[in-house]
Structure formats: structure tokens, C-alpha cells
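Novice: Submitted below is the structure of interest, expressed as C-alpha cells.
The values are calculated or read from the model by the stated rules, or taken from the named source; none is laboratory data. Being a predicted model, the structure only gives us computed values, none of them experimental. No Cβ is skipped: glycine too gets one built from the backbone with ideal geometry, and neighbour counts run over all protein chains shown.
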Amino acid sequence: MKVAKITNTEFTAMVQAAANKLNKNSEFINSLNVFPVPDGDTGTNMSLSMASGYKYVNKDVKTNVGDLAGALAKGLLMGARGNSGVILSQIFRGFQKSTEGKETLSAQDLSDAFIVGTETAYKSVMKPTEGTILTVVRMAAQAGKKKAATTNDVVAVMDAIYESSTKALEKTPDLLPVLKQVGVVDSGGQGLVFVLEAFDDVLNGRSEAESGEHQPNDAELNQMIHAADQSVQSKLNPEDIVYGYCTQIMVRIGKGREVDHKFDYQTFYDYLAKLGDSLLVVNDEDIVKVHVHTEHPGKVLAWGQEFGDLATVKVDNMRLQQETIIENDEETSDNDKSAVQKAESLNGGQPQSDTAVISVSSGKGLNTLFKSLGVNYIVSGGQTMNPSTEDIVNAINETHAKKAIVLPNNKNIFLAAEQAAKVADIPTVIVHSKTISQGITAMLGFNPESSLDENQESMEDNLSTVKSGQVTTAIRDTEINGFSIKKDQFMGIVDGDIVTTGDDLVKTATDMVAKMLDDDSEAITVIWGDGANESLANQVQTAVSEMDDELEIEVHEGDQPVYPFLISVE
């Protein structure tokens, strides 16, 4: 089959097929996690990121492929979750830069787009690692370039890109020894291969929709994203919701009969900011999209119409939604492992100083602990579900502060946090806390009277003073780093390395602490969550005290999922 060019029809179908394929295979991608811990989330992150990308493409009214690529890049960026999702968004950000202004894509255009996408992705990572999704996209793009030099057949070029990606994926264990040791390929690379396979299927006329598989429509993908973004719902009184209508509009700038103003982002934004909170405004030359919580959805719609016609309108009564949740007793706990929960204000949204601190956390006890240390907002999520760029942007913008600091508390959230800082309305810096323990210690270096840069430096300096231990349960048998681990055994992980395993929770935790202690150790914090209880935590405290009775030991209830114990040594 020879195709001379990719039109808007093919491109939209390619993105839709990719979203569908990632959705169907997300659990398989998750299972490729190197450590056998119950927090593999690469597949979930990539699936939700691409679902967001498709949502933006499907809502776009343009027929120019370059513009649709821009919609994809924007949707991927705002929906990006985890490092894999952010890198995927950067691949298609480069793709968009290469295809800007192009009505259709030729074989050469397609090849060039993946070359620029590769370059953009590599630049987005401070220390690119081979044997990852980066290797897969680089080798695939190089194969596409070589093929485009000999043919103008778009399908042949896409075939070469996809086929090379599968070979690159097979090589990832040779480039990353830990993958070979565990016997898996790179999970992010596998996700990208599924994307490229979906693209290739569409161009070859063998899309999943045609083979009898169900192709998700926009409403279904929107439901996927909504399920992942749903906020914690407790027995909150619906009347306590200050702004009751979640209002979303898409405006075609300059179109329609009611246009009174030439579009200016700041003017447009400033008016909406007075109408409520949770405001997000994203635009390009032709479209502006708005999300805001308000008491006056009609004013939002009327304001949009002064700049163009309304392509889409969505208004949800959040008080009514909350009433339904309470009636059906379907509240979601802070430990919900199936959803990233949106930013939750801890002090009415008003920071105690010009600088707001936002922390990523999951667990009522952990949230309370962060609040006591001066954190203003919690973005719910962490190991089991990474928040999206948009989740973090919303939290930053909802603080009503002049500047912000974000504590990711997980290295897989770094890239999403950094992207959020770039597009937030206020100056924002990231303190690169890899664990909850580091986030807690970082807060000890926060001074509300200091500048943003001074706080970032002070809080970053504190990160090196703490050792972070986590106890969790193995989800499969594996051989790694000299350990033969059986399914359901406990594992002690210190700063990313498995250091002990065992069948007894308290002994595993105690053995882990023993490996964390040194002559400079003074204080230990034990935080217990799902799978543990206060009695077990006290047993750990007693056992550690017997090692060194001069150690200061604190015990807290964290309610965190996945990890029965989070233990820090300072």
C-alpha cells in the first residue's frame, strides 16, 4: 500500500489508535517495572498522557496537520504524567515544531518530524540514558531518515520507523544491565513501540477499529482522564464548595457574531481570574481553552463570546455531584490507588507568605504532617499514580501566591513538575525531593521571609542529610542485585536500592534500618501506612531503640498506600 501524504484524517486516526493501544496495553507496560514493587505506572502514565493528547486533537476544528500536531503536543504536555509521559510529550513537541504550517505530511516530512522529535526529547532530559525510550525513538527516527532518502512512500517510511523501534526495544537490556538482570525490556520504550505500531497500523489500513476491536470515542477517553484526575471526595458539605460550577469552554478566536475584542491573553485571563478559582487558560493563534470553577458560568460564556464563537461548552454542578457521591456512599479515600487527586487546599488557599509550597503526597496522615511543616497545597498522588503537568499547574495557580515551590517527593514526577513550572502563572521552582522523607526534611529549610532562590538552595541542601527507607511487598518472583525475591515477600529499599528481604514485616523494617545507620545517625522517623498499624510501628521503634538507645525515634501515622513503612534516618 502506497500513501503519498498524511492528511488530517489519517493523522487523527493515528493518534486515536495510539491512545487506544496504550489503554489496552497499559497493564502489560506496568508489569515491566524493574523492581517487583506494586507501583509500576509507566503504562498508566503513557496511556493517560496520550488520551489527553487525543482529546485535544479530536476537539480541534482545523484540517491542517501541522495544527493538529500542535494540538497533540499541547494535550500531551498538559496531560503528561511521570517521566515517560513527559518524554512522550517532548517527542511530539519536536514533531509539532517540524510540521508547523504543513497542510499534509509527505514521507520526508514524517521522517524529519521524528528526527526533530528525537532531538527535542534528548534535550528535555538533563542526563539522557541509553536503553530507554530515548534509544527507541532515536533508532526509529534514524531508520525513517534512511528510508525517506530512497522513497516518497509514507507507509514505507512508517514501516521502517516501527520495525526499527521493535529492534531498538529488544536491545534495551544490552544497554541497561539492570533490565537484562531482571529479564525485561524498557517499559517506556515499550510504550513508544505501541504508539508507533498504532501509527503504522492506520497507514497500512489495518487499524484496530477495522479489525473488530472497539475504538474509544472522545467521551470515553475523556472519562478515562476524568477518572484519573478525580479529586478526593469525603463527607464534604456541598454548601462548603465556594465555587460550585466547573466550567469549560473552547473559543474560536475572532469567529462569530458577538466578537467585540481582539484577543489579548492577559486581558482575557484577568477577567476570568476574578470569577473564581482553578483557572487554566491555554491558547494558540486560533483557539483558546478555559477551565475555571465559578459561581457565574454564564459570565464565563459571555466573556468568551466577546473574543470568538463557542466551539464547546461544558458546565458541571459540583455541589450536585458531591450530593450524589454522599448519597451513594462513593467517597474516595486519600489512599485511593486508582486516581490522581486534584490539588486540595490545606488553609483555604491563602498562603501564609508570598511564597506557597506545594507538595505531592498520598495519605491523610502525610498530608497533615506536611501541613504542620508549612505546606499550603497537596497534589494528591505519588508512586501509584503520578499527577499530570496540569494537576501541578492548577495547584500552583490556585495558591493565589506571588511565587511557589513544588516538592515532587518522587523522581518520576520531576519532569512533569518542571514543565508545570514553565507554564505556571507565577514564578515557580522545584526542590528535587525524591521521597516523602526528603520532602519532609526539605521543609525544615523553608523560610517564608527568604527569596525563591534562597529557599530552593536551602531546601535542596537539606535533601542530602536524610536517608530514605521504604518497606513494600514484592508482586512477582525476581532475581536482582544478588537477591532472590519471592512474590509476597517484604523488601526494604533504601534510596532506590533493595537492601533486605524477608517474610516478617517488622524484622524486614528493622533489618533495613540497621543498614541505614552510621556513626552520625541521630534521629529516625517511622511513618506507617497501609499494611501496617500502630502496634507494628511500635515494635519497630522498640527494636531500633535496642540497637542504639541514644537515637531519637518518632512514630507517625501516614496512611500512605503501597508502603507499610516509610522510614528516614538523619
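Novice: Taking the criterion of being of a type in the set (Gly, Ala, Ser) and on the phi > 0 side of the Ramachandran plot, would at least one residue in segment 474-490 satisfy it?
Specialist: yes
Novice: Out of all the residues in segment 175-185, is one or more at negative phi, among the aliphatic types (A, V, I, L, M) and modelled with pLDDT under 80?
Specialist: Scanning segment 175-185, I find at least one residue that is at negative phi, among the aliphatic types (A, V, I, L, M) and modelled with pLDDT under 80, so the answer is yes.
Novice: A further question follows. Mind checking which residues of segment 96-133 are buried (at least 23 other Cβ atoms within 10 Å of the Cβ) and aliphatic (A, V, I, L, M)?
Specialist: Selection gives LEU105, ALA107, LEU110, ALA113, ALA121, ILE133.
Novice: All but one of (1) more than 21 Å from the chain's Cα centre (by Cα); (2) crowded, with 22+ Cβ neighbours inside 10 Å hold for ASN386; state the number of the condition that does not hold.
Specialist: Evaluating ASN386 over (1) more than 21 Å from the chain's Cα centre (by Cα); (2) crowded, with 22+ Cβ neighbours inside 10 Å leaves (1) as the failure.
Yes or no, residue by residue, for (1) over 16 Å from GLN470 (Cβ atoms); (2) buried (at least 22 other Cβ atoms within 10 Å of the Cβ):
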site	(1), (2)
VAL499	no, no
ASP511	no, no
ASP518	yes, no
ALA523	yes, no
ASN533	yes, no
ASN538	yes, no
SER545	yes, no
GLU550	yes, no
LEU566	no, yes
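Novice: Is there a residue in segment 490-507 that is out of contact with any strand residue (DSSP E or B) (no Cβ under 8 Å at 6 or more places or on another chain) and over 25 Å from SER362 (Cβ atoms)?
Specialist: yes
Novice: Also: Can you confirm whether ILE91 is closer than 25 Å to HIS432 by Cβ, among the hydrophobic types (A, V, I, L, M, F, W, C), touching a residue at least 60 places away in the same chain (Cβ under 8 Å) and buried (at least 18 other Cβ atoms within 10 Å of the Cβ)?
Specialist: yes
Novice: Taking THR120, is it polar (S, T, N, Q), assigned to a helix (DSSP H, G or I) and within 18 Å of PHE194 (Cα to Cα)?
Specialist: no
Novice: Could you tell me whether any residue of segment 440-461 is buried (at least 17 other Cβ atoms within 10 Å of the Cβ), farther than 14 Å from SER359 by Cβ and acidic (Asp, Glu)?
Specialist: Yes, segment 440-461 contains a residue that is buried (at least 17 other Cβ atoms within 10 Å of the Cβ), farther than 14 Å from SER359 by Cβ and acidic (Asp, Glu).
Novice: Going residue by residue through segment 76-87, is there one that turns out to be surrounded by fewer than 24 Cβ atoms within 10 Å (Cβ to Cβ), under 13 Å from the mean Cα position of the chain (by Cα) and not acidic (Asp, Glu)?
Specialist: yes
Novice: Do any strands (runs of 3 or more DSSP E) lying entirely in segment 362-451 carry at least 3 residues that are over 23 Å from VAL471 (Cα atoms), of a type outside the set (Phe, Trp, Tyr) and outside the structural domain of ALA523 (by TED's automatic domain parsing), and which ones are they?
Specialist: The qualifying strands (runs of 3 or more DSSP E) are 403-407, 428-430.
Novice: Scan (1) at pLDDT below 95; (2) under 19 Å from LEU415 (Cα atoms) for the single condition GLY101 breaks and write down its number.
Specialist: Failing condition for GLY101: (2).
Novice: Related question: With the requirement that a residue be at pLDDT below 90, under 30 Å from the mean Cα position of the chain (by Cα) and not in a loop (DSSP other than H, G, I, E, B), what does segment 473-497 give you?
Specialist: Scanning segment 473-497 gives THR473, THR478, GLU479, ILE480, ILE485, ASP497.
Novice: Being under 21 Å from ILE440 (Cα atoms), of a type outside the set (Asp, Glu) and free of Cβ contacts under 8 Å to residues at least 24 places away in the same chain narrows it down to one residue among GLN541, GLN560; which is it?
Specialist: GLN541
Novice: From (1) modelled with pLDDT of 85 or more; (2) outside any helix (DSSP H, G or I), pick out the condition that doesn't hold for VAL61.
Specialist: (1)
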